[in-house]
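Report on the structure given below.
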Amino acid sequence: MIFKTTSRNFLSPRLPGYIKCILLISIICNTNPTKAQHDIFGLAEPVQLELDTTIVMLEDYFIDVSKIKSVEAPGCFEFGLSNDKKKLYLIIIKDNVPELSTITISTDNYNYDILLKKSKKEKVVFQFNPNGKTYTKVSIVGDLTGWNPNVIFMELKDGIWQTELTLSPGRYQYQIVADGSWFLDPNNPVKIDNGIGGFNSLLVAGKRNSQNLKDQSNIVNISTPDLQNHKIILTTNHSEKALYFWNNVLLDQVWILDNISYNEELLISIPEKAKSLRRSYLRIFYEGAETATNDMLIPLEYGKIITDPSLLEKDDFQRTIMYFMMVDRFNNGNKLNDAPVQDAQLLPQANYYGGDLAGIQQKIDDGYFSNLGINSLWISPVFQNPYTAYQEFPEPHRWFSGYHGYWPISLSKVDTRLGTNTEFKQFVSGAHNSNMSVYLDYVANHIHAEHPLWKSNPEWFSQLDLPDGRKNLRLWDEYRLTTWFEPYMPSFDHSKPVVAEACADSAMYWLKEFNLDGFRHDATKHIETEFWRLLTYKIKTEIEIPQNRNIYQIGETFGSRELISSYLGSGLLNAQFDFPLYFDARSVFANNEVGFERLNTSLHETFDAYGYHHVMGNITGNHDMARFISYASGDLKWNENDKEAGWNRNITVTDTIGYAKLKMLHAFNMTIPGIPIIYYGDEIGMPGANDPDNRRMMRFDNLTSFETDVKNTVTKLTNLRSTHMALLYGDFEVLEVSETVYVYKRTYQDDVVIVAFNKSPEIKTIIVKDSGSKNPDKAQFGNGISTNDNTIAVFLAPYSFEVITMYNK
């Protein structure tokens with residue numbers, strides 16, 4: 001391995017510190033990227049640097065790394081390629097690492113630029129004062145350890161337990177574990193509800209905190225460019241550094257100062273090659289000095305900026321509005337294939353209800369999804385599951401069937417109770433004919449013990465018996481990569497190449513045979529990242545490149561944003577569900593005692609982790625947690641066992657304020673960056689405790705007025721999202737945040753949308769200042785508004801929201 005250093009000027013000049021500057025972008029470029037995209041498929045995701053050494057997996061970006069000829073990097077790095085060119089090592093040798101920089105990698109075809117983002121991690125010393133109590137072993141457990149108490153142990157020094165932590169800016173819930181006992185940190189008065197009736201201590205690291213976010217002067221915002229006379233106008237409230245890309249090419253820049261208007265004119269070209277491509281992108285990354293900032297993603301259609309959402313296609317993932325259903329619990333379209341398990345020990349809630357692929361197809365045909373504004377379907381696993389019942393490991397040891405689909409005994413056959421392979425192929429084709437994508441819930445982590453592989457290849461699986469005598473069952477964090485869900489569900493050992501290849505090939509079979517548009521991956525964090533890297537490489541080389549279409553992969557990882565992020569990237573998954581954001585949104589919208597500052601902080605932590613134009617999943621709920629509305633209506637208590645509640649009583653909606661709170665959650669998901677995902681039944685406010693009560697049979701008829709109102713609201717929200725580029729690719733700017741009020745603005749060229757929430761029991765008058773050159777077009781949900789010069793007054797009813805669309809004056 002040869003290490004080198006080089007120096008390169010990679011950042012645009014620092015602009016004068018005007019309060020506001022306008023950048024004009026026109027069309028100039030010093031190179032002709034006619035061969036771009038030959039070596040990298042799609043956009044190269046930024047590299048998040050570590051504090052010292054960063055390993056860039058080049059095979060994540062380049063289809064054939066043997067074509068790499070040279071690498072250039074800033075002078076603050078020593079760098080080198082591994083002998084097989086699959087890894088690039090970046091070692092920081094100077095302290096002056098820029099906030100933004102690039103590496104340039106040359107191949108036989110062209111030069112490619114990949115963005116580097118400076119690490120914001122800091123080393124902090126964490127201390128725990130036992131206040132005179134004697135302990136032999138003390139550790140910290142929480143978000144930063146994956147809630148594994150055996151990761152970070154402390155040392156006793158001068159009567160104080162302490163350890164050094166390396167943390168990214170953000171909030172970390174934690175507890176102290178002393179000699180096996182878990183408790184809140186008695187030395188830290190700051191605590192936060194854990195969403196299930198208890199509390200955790202809260203550690204806040206870095207400069208990203210709620211107080212800073214309230215002061216909008218500390219936030220850098222850049223607005224999506226406006227196109228005038230072939231020039232793009234970019235506005236920002238700070239002047240620092242920016243990098244501009246067309247696809248994976250860094251564009252040169254020329255700055256011209258307008259001394260009369262004190263504006264900045266920036267000349268950048270959209271390369272001529274863009275005119276021949278149906279889809280390419282401008283990307284702008286901006287970094288203020290010690291401040292937060294947004295980024296921009298601008299889709300181009302044959303070199304022109306897209307302003308009409310109807311030009312977007314199904315593999316433009318930002319346009320996705322997804323609907324998730326349990327196949328067996330949605331609609332029974334063919335009663336001839338009904339075959340519930342015959343077992344007296346099996347209660348009805350845990351047996352098959354009769355839903356099938358034919359039932360979903362009926363709802364496609366009758367326009368249910370299209371009328372609701374859905375363009376993508378995520379369906380639960382359709383693999384063949386056992387015909388008998390099995391007993392769960394944890395108490396009270398109830399019996400269950402495989403109605404949910406997560407106990408595969410075949411990875412090539414559709415369950416006979418759901419349909420046939422032929423029916424599934426026809427179903428996917430029918431969805432495509434209705435302009436809908438289909439994402440299959442894929443199980444790569446495990447199989448059921450009835451699967452022939454368990455008998456023929458037991459060495460392919462992790463061990464159930466641990467060296468300490470325990471069973472490796474449901475040890476989600478302690479044995480994250482090897483734990484079993486049940487004694488009859490052996491987990492694959494994906495660290496073995498033969499296993500990883502077999503599992504990846506099985507997934508490829510479903511993509512190819514049934515022409516799927518992607519996967520929802522079950523139990524993502526319980527599988528090594530190398531498996532996801534292998535599967536993604538196969539998808540790129542066998543489907544995406546030959547067929548020139550994008551495959552969407554979204555994973556399921558309960559954990560911190562750092563753990564979630566570790567499975568994302570150009571060579572890994574496109575997205576995961578943003579569970580941290582959902583849990584904060586659930587607390588804020590459902591619980592009157594939790595203010596919007598928490599949600600605003602959480603949302604910006606999401607932006608820090610995934611960018612402002614991510615395609616993470618913003619959920620209304622799912623099949624593994626109690627229904628949102630049951631908490632919002634008070635029918636389910638935060639501190640009760642949410643699973644047992646569903647077995648012991650009938651959960652209904654007794655306080656109709658729950659419907660209003662649910663509508664606010666829908667409005668939030670539909671108007672923030674990311675992909676909104678509706679869990680079946682949430683479009684009408686269907687109640688339920690946790691599994692299996694949250695998996696009731698879907699209801700389509702005899703809806704109450706409240707349920708109909710929720711459905712109509714969701715329909716209007718999906719229509720607004722689908723017809724406004726501001727809600728798909730627009731920037732995000734917070735206008736006001738308090739305990740009970742949250743207001744933000746999305747902007748994409750002339751398209752401006754303002755979203756306001758009031759979670760108090762009183763009418764609120766919200767003043768939106770400096771509406772600029774825009775006037776309110778309409779308050780889409782009927783709340784009163786008035787205007788005065790550049791000020792808009794919004795009169796919000798209790799527990800309500802408003803979406804205001806704007807037009808030019």
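Structure notes:
- Any hit, segment 518-534, residues being within 19 Å of Phe62 (Cβ to Cβ) and of a type in the set (Phe, Trp, Tyr): yes
- In a residue-by-residue description of segment 708-720, the property of being under 30 Å from Arg627 (Cβ atoms), buried (at least 19 other Cβ atoms within 10 Å of the Cβ), polar (S, T, N, Q) and touching a residue at least 60 places away in the same chain (Cβ under 8 Å) applies to at least one position.
- Filter pass, Lys769 being without any contact (Cβ under 8 Å) to a residue 40 or more places away in the chain, over 30 Å from Asn641 (Cβ atoms) and in contact with a Leu (Cβ under 9 Å, 6 or more places away or on another chain): yes
- Subset of segment 750-762 that is outside any strand (DSSP E or B) and not acidic (Asp, Glu) - its residue that is farthest from Met322 (Cα to Cα): Pro761
- Number of the exception - Asn259 against (1) farther than 30 Å from Thr107 by Cβ; (2) out of contact with any Gly (no Cβ under 6 Å at 6 or more places or on another chain); (3) at pLDDT 60 or above; (4) not aromatic (Phe, Trp, Tyr): (3)
- When segment 394-441 is filtered for residues that are charged (D, E, K, R) and either free of Cβ contacts under 8 Å to residues at least 12 places away in the same chain or within 30 Å of Asn472 (Cα to Cα) (or both), the ones remaining, listed by number, are Glu395, Arg398, Lys413, Asp415, Asp441.
- Any hit, segment 689-707, residues being open to solvent by less than 10 Å² (accessible area, probe 1.4 Å), within 24 Å of the chain's Cα centre (by Cα) and at pLDDT below 95: no
- In segment 429-462, the residues that are part of a loop (DSSP other than H, G, I, E, B) and either out of contact with any helix residue (DSSP H, G or I) (no Cβ under 6 Å at 6 or more places or on another chain) or among the β-branched types (Val, Ile, Thr) (or both): Asn435, Met436, Val443, Ile447, His448, Ala449, Glu450, His451, Asn457, Ser462
- Verdict on Arg520 being surrounded by fewer than 20 Cβ atoms within 10 Å (Cβ to Cβ), closer than 22 Å to Asn385 by Cα and either modelled with pLDDT of 95 or more or acidic (Asp, Glu) (or both): no
- Those residues of segment 405-428 which are open to solvent by 50 Å² or more (accessible area, probe 1.4 Å) and either basic (Lys, Arg) or out of contact with any helix residue (DSSP H, G or I) (no Cβ under 9 Å at 6 or more places or on another chain) (or both), in sequence order: Lys413, Thr422, Lys425
- Selection within segment 171-192 - under 17 Å from Val588 (Cβ atoms) and either surrounded by 19 or more Cβ atoms within 10 Å (Cβ to Cβ) or touching a Pro at 6+ places or on another chain (Cβ under 9 Å) (or both): Arg171, Gln173
- Qualifying residue in segment 741-748 (condition: under 23 Å from Val594 (Cβ atoms), crowded, with 22+ Cβ neighbours inside 10 Å and among the hydroxyl-bearing types (Ser, Thr, Tyr)): yes
- Candidates Ser602, Ser587, Ser560 - the one that is over 22 Å from Tyr442 (Cα atoms), in contact with a Pro (Cβ under 8 Å, 6 or more places away or on another chain) and open to solvent by less than 10 Å² (accessible area, probe 1.4 Å): Ser602
- Annotation note: of Asn445, Asn375, the sole residue that is farther than 18 Å from Trp510 by Cα, buried (at least 18 other Cβ atoms within 10 Å of the Cβ) and among the polar types (S, T, N, Q) is Asn375.
- Elements of the type strands (runs of 3 or more DSSP E) sitting completely within segment 652-749 and holding at least 3 residues that are over 24 Å from Asp328 (Cβ atoms): these cover 731-737, 741-748.
- Within segment 402-428, the residues that satisfy the criterion of being over 29 Å from the mean Cα position of the chain (by Cα) and assigned to a helix (DSSP H, G or I) are Asn421, Thr422, Glu423, Gln426.
- Count - residues of segment 448-466 that are within 30 Å of the chain's Cα centre (by Cα) and open to solvent by 10 Å² or more (accessible area, probe 1.4 Å): 1
A quick yes/no check of all residues on (1) hydrophobic (A, V, I, L, M, F, W, C); (2) open to solvent by less than 70 Å² (accessible area, probe 1.4 Å); (3) part of a strand (DSSP E or B):
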{"residue": "Glu45", "(1), (2), (3)": "no, no, no"}
{"residue": "Val56", "(1), (2), (3)": "yes, yes, yes"}
{"residue": "Glu59", "(1), (2), (3)": "no, yes, no"}
{"residue": "Val71", "(1), (2), (3)": "yes, yes, yes"}
{"residue": "Pro74", "(1), (2), (3)": "no, yes, no"}
{"residue": "Phe79", "(1), (2), (3)": "yes, yes, yes"}
{"residue": "Asp84", "(1), (2), (3)": "no, no, no"}
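- Checking the stated criteria, Glu644 turns out not to satisfy the condition of being at pLDDT below 95 and surrounded by fewer than 21 Cβ atoms within 10 Å (Cβ to Cβ).
The values are calculated or read from the model by the stated rules, or taken from the named source; none is laboratory data. Keep in mind that what you see is a predicted model, and the values were worked out from it rather than measured. No Cβ is skipped: glycine too gets one built from the backbone with ideal geometry, and neighbour counts run over all protein chains shown. Ligands, DNA and RNA are stripped out before the accessible areas are found, and what is left, the full protein with its side chains, is counted by its heavy atoms. Shrake-Rupley method; radii C 1.70, N 1.55, O 1.52, S 1.80 Å.
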